[in-house]
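All remarks here apply to the structure that follows.
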Amino acid sequence: QVQLVESGGGLVQPGGSLRLSCAASGMILDIYAMGWYRQAPGKQRELVAAITSGGSTDYADSVKGRFTISRDNGKNTVYLQMNSLKPEDTAVYYCNARLVALNFWGQGTQVTVSS
């Protein structure tokens with residue numbers, strides 16, 4: 001059974017940093033395209049960052065230069081380093097794994113940026 005478990009969320013002040021982790025089990029992570037999405041209250045879920053099985057990355061314009069996605073296939077884990085956080089980054093962050101028609105989601109982790 002495939003499971004994605006996010007961790008690392010929390011409350012942080014504007015300008016602060018957090019690192020989210022997504023631990024995968026029941027799957028071989030290195031063949032999947034991975035992504036981090038977020039959903040703020042009253043808004044649609046949006047793609048924040050993505051990384052292919054080959055390591056190519058892509059970012060939403062709103063987080064370019066501040067967020068970094070990476071993967072450690074040996075640990076079956078994907079990370080999202082978030083720096084210079086802003087109040088508008090407040091959302092539930094979800095990990096996603098995709099391979100052809102297969103599409104898996106984690107349960108989400110809350111990130112709140114507030115003073």
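The values are calculated or read from the model by the stated rules, or taken from the named source; none is laboratory data. Note that the coordinates shown come from a computational prediction; the quantities given were computed from them, not determined experimentally. So basically every Cβ, Gly included, is an ideal-geometry build from the backbone, and we count neighbours across all protein chains shown. With ligands, DNA and RNA removed, areas are computed over all heavy atoms of the protein, side chains included. Shrake-Rupley method; radii C 1.70, N 1.55, O 1.52, S 1.80 Å.
Quick notes
- Extension gain (nm, one decimal) between S114 and D58, 0.36 nm per residue minus Cα-Cα: 17.5 nm
- Couplings 3J(HN,Hα) for the stretch 49-66, derived from phi with the Karplus relation 6.51 cos²θ - 1.76 cosθ + 1.60 (θ = phi - 60°), are 7, 9, 9, 7, 4, x, x, 6, 10, 8, 9, 5, 4, 5, 10, 4, x, 10 Hz, where x marks Gly and Pro.
- About its Cα centre, the dipole of the chain is roughly 60 debye, where the only charges are +1 on Lys and Arg Cβ and -1 on Asp and Glu Cβ.
- Note on K64: lysines with a C-alpha under 18 Å away, same-chain residues under 8 apart excluded, are K86.
- Three-way shape call for the stretch 70-110 based on the alpha-carbon gyration tensor, with the a/c threshold at 1.5: oblate
- Accessible surface of the chain [probe 1.4 Å, protein heavy atoms]: carbon and sulfur percent: 49 percent
- For T77, the shell of other residues with beta-carbons less than 15 Å away shows a net charge of 0, using +1 for Lys and Arg and -1 for Asp and Glu.
- Per residue, the solvent-accessible area of the stretch 25-109 (1.4 Å probe, heavy atoms of protein chains only, all protein chains present) comes to 51 Å².
- Cβ-Cβ FRET estimate between N103 and R19, R0 fixed at 30 Å, reported to 0.05: 0.75
- Loop-located trypsin sites (Lys or Arg not before Pro) across the stretch 1-57 with a Cβ neighbour count of 14 or fewer within 10 Å are K43, with loop assigned by DSSP.
- T90 long-range amide H proximity, modeled H, under 5 Å: V113
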